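*Asks:* Questions regarding the structure given below will be posed in turn.
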Amino acid sequence: MKYPITEQHLTAPSERRPGLKMDKVLFIVAHDTGNDLGARHNVMYQQKTVNKMKASAHIFVDDKDIVECIPSIVNDPEVAWQVRESKPYDNQMYGEDANYHAIGVELSIKPRGNNEEAYKRYIWTLAYLCYKYGLNPKTDIVGHHILDPKRKIDPENGLRKIGKTYDQLLQDVVKEYESCIGLH
């Protein structure tokens, strides 16, 4: 493990964390928080509103922390409500619904944070999940903006704030993955 993972699990069962075990991880959904709260504060907010809405992600990443709030990286994966079930693209691309078969990872950009470090941690988290679940980093990561294009702009919006692109993200994850498994 290149970085420590903090376990700060949401209450289960609840609206945000139903406590349902995931059968199999087939892909990863890349998100950004769209706010500047930071990883721990986003998880605290999710806990405070744990029964107010059916919306969540598995992992929040910033320049200081990688926080698992729904089991996924340290523990056996559980379902998270990260993409509206009515959206067809995840089923078309991967044959299954993202909520039941994908890990959701949120990038948190902070105004006075070290956002290059946040990006490095985000890249590593995505690459490590690919390694852990036997996923192909070239094909098995999808942006939320692709799965719900009329409503969502993440992670492109967060990446743009730090001078990165979605295509660059995917290329950097492949490089990190190959580095982790000793290909270069």
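The values are calculated or read from the model by the stated rules, or taken from the named source; none is laboratory data. From a predicted model like this one, the values you see are computed outputs, not experimental measurements. For neighbour counting, all protein chains shown are included, and Cβ atoms are generated from backbone atoms with ideal geometry for every residue, glycine included. When the accessible area is computed, the model is the full protein with side chains, heavy atoms only, and any ligands, DNA or RNA have been set aside. Shrake-Rupley method; radii C 1.70, N 1.55, O 1.52, S 1.80 Å.
*Asks:* Being open to solvent by 20 Å² or more (accessible area, probe 1.4 Å) and at positive phi narrows it down to one of Gly113, Gly95, so name that one.
*Replies:* Details: Gly113 fails: at positive phi.
Of the residues listed, the single one that is open to solvent by 20 Å² or more (accessible area, probe 1.4 Å) and at positive phi is Gly95.
*Asks:* In segment 8-41, which residue that is among the hydrophobic types (A, V, I, L, M, F, W, C) and in contact with a Gly (Cβ under 8 Å, 6 or more places away or on another chain) is nearest to Asn75 (Cα to Cα)? Before you say what the answer is, go through the steps one by one.
*Replies:* Applying the first criterion (among the hydrophobic types (A, V, I, L, M, F, W, C)) to segment 8-41 yields 10, 12, 20, 22, 25-30, 37, 39.
Adding the requirement that they be in contact with a Gly (Cβ under 8 Å, 6 or more places away or on another chain) leaves 12, 26, 28-30.
Values: Ala12: 14, Leu26: 16, Ile28: 16, Val29: 18, Ala30: 19 Å.
If we take residues in segment 8-41 being among the hydrophobic types (A, V, I, L, M, F, W, C) and in contact with a Gly (Cβ under 8 Å, 6 or more places away or on another chain), then Ala12 is nearest to Asn75 (Cα to Cα).
*Asks:* I'd like the residue in segment 4-48 that is among the hydroxyl-bearing types (Ser, Thr, Tyr) and loosely packed, with under 15 Cβ neighbours inside 10 Å and, out of all such residues, is nearest to the chain's Cα centre (by Cα).
*Replies:* That would be Tyr45.
*Asks:* Yes or no: segment 172-181 includes at least one residue that is open to solvent by less than 50 Å² (accessible area, probe 1.4 Å), of a type in the set (Ser, Thr, Tyr) and farther than 14 Å from Tyr128 by Cα.
*Replies:* No; the residues of segment 172-181 include none that is open to solvent by less than 50 Å² (accessible area, probe 1.4 Å), of a type in the set (Ser, Thr, Tyr) and farther than 14 Å from Tyr128 by Cα.
*Asks:* Looking at Lys152, Lys164, can you tell me which residue is touching a Gly at 6+ places or on another chain (Cβ under 9 Å), under 14 Å from Thr33 (Cα atoms), open to solvent by 20 Å² or more (accessible area, probe 1.4 Å) and part of a loop (DSSP other than H, G, I, E, B)?
*Replies:* Matching residue, one of Lys152, Lys164: Lys152.
*Asks:* Every residue in segment 167-184 that is among the aromatic types (Phe, Trp, Tyr) and either over 14 Å from Tyr122 (Cβ atoms) or in a loop (DSSP other than H, G, I, E, B) (or both), please.
*Replies:* Those that are among the aromatic types (Phe, Trp, Tyr) and either over 14 Å from Tyr122 (Cβ atoms) or in a loop (DSSP other than H, G, I, E, B) (or both): none in segment 167-184.
*Asks:* Could you please find all residues in segment 64-113 being closer than 26 Å to Asp36 by Cβ and free of Cβ contacts under 8 Å to residues at least 12 places away in the same chain?
*Replies:* Result: Arg112, single match.
*Asks:* Looking at segment 121-139, can you tell me whether even one residue there is open to solvent by 60 Å² or more (accessible area, probe 1.4 Å), at pLDDT 95 or above and closer than 22 Å to Leu20 by Cα?
*Replies:* The answer is yes, given that some residue of segment 121-139 is open to solvent by 60 Å² or more (accessible area, probe 1.4 Å), at pLDDT 95 or above and closer than 22 Å to Leu20 by Cα.
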